[in-house]
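Here's the structure we're looking at; comments come further down.
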Amino acid sequence: MDELLNMSSTQQVLSMYQHEKCIDELLDGYVKLLDICGIARDYMFQIKEHVHALQSALRRRKGDSSIENSISQYTHLRKQMKKKAKKLIMELKQMDNDNNNNNKLEALSFLDRDHHFFAVIRVLRQVNVMSSSLFQSLFTYLSAPIPSRWSLVAKWMHKGTISCEEKQDIVNELERVDAAICRRIFDVQITHKRLVALESSIEGVENRLECVFRHIIKARASLLNIISQ
């Protein structure tokens, strides 16, 4: 995308059509995705904070009430995120539908008039599409139902191989933490291991979200810079 935006022909055609509705829609889409990315990063931070609190309670071992309280707060957070994540998924899907509809309208409007402009807009819109797909994957895992105690443990016990992708890592570790804290006989060592693994996975997702955030910022800044010249 950088090479495309640095081409003089691309800059000329974007400047020529800078007042087109699709330019404003692209910029608005970038802003919405930045907001959603900020929410996702905040979710990861909150989970990590609750993981730290639970780890601290396990280390102190001053009584079951302290551990139980930390578990209750963690579970409450997961349930809250489940509801919010579902709403965000619907919002992202609506953005995808809007993008598809806009692509069709732009094809009718510009494909015959200016093929280059149409191609540039399609590439710029891909930033929205790819970012939306990533966020939907993450929110889908966060919005997954929290199973009952025994079904969750059974699923964990029969789990197959683990994917190396960040999004799969975090759902596996979220499930493992849920399973560990839902056991009838609470095992501190197992829970601690699951929390350490979850924290590591969260850090991987945070790094990925940071890259996406910077990518969206760069795309929006580049477009603004071109049309303002």
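Structure data summary
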{"item": "Selected residue (only one of MET16, MET44 is loosely packed, with under 15 Cβ neighbours inside 10 Å and either under 18 Å from SER200 (Cβ atoms) or hydrophobic (A, V, I, L, M, F, W, C) (or both))", "result": "MET16"}
{"item": "Residue match in segment 151-166 (condition: modelled with pLDDT under 75, under 20 Å from MET44 (Cα atoms) and crowded, with 19+ Cβ neighbours inside 10 Å)", "result": "yes"}
{"item": "Residues being over 21 Å from GLU199 (Cβ atoms) and under 13 Å from the mean Cα position of the chain (by Cα) - total across segment 41-86", "result": "2"}
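The values are calculated or read from the model by the stated rules, or taken from the named source; none is laboratory data. Values in this document were obtained by computation on a predicted structure and should not be read as measured data. FYI the Cβ positions are ideal-geometry reconstructions off the backbone, even for glycines, and counts take in every protein chain you see.
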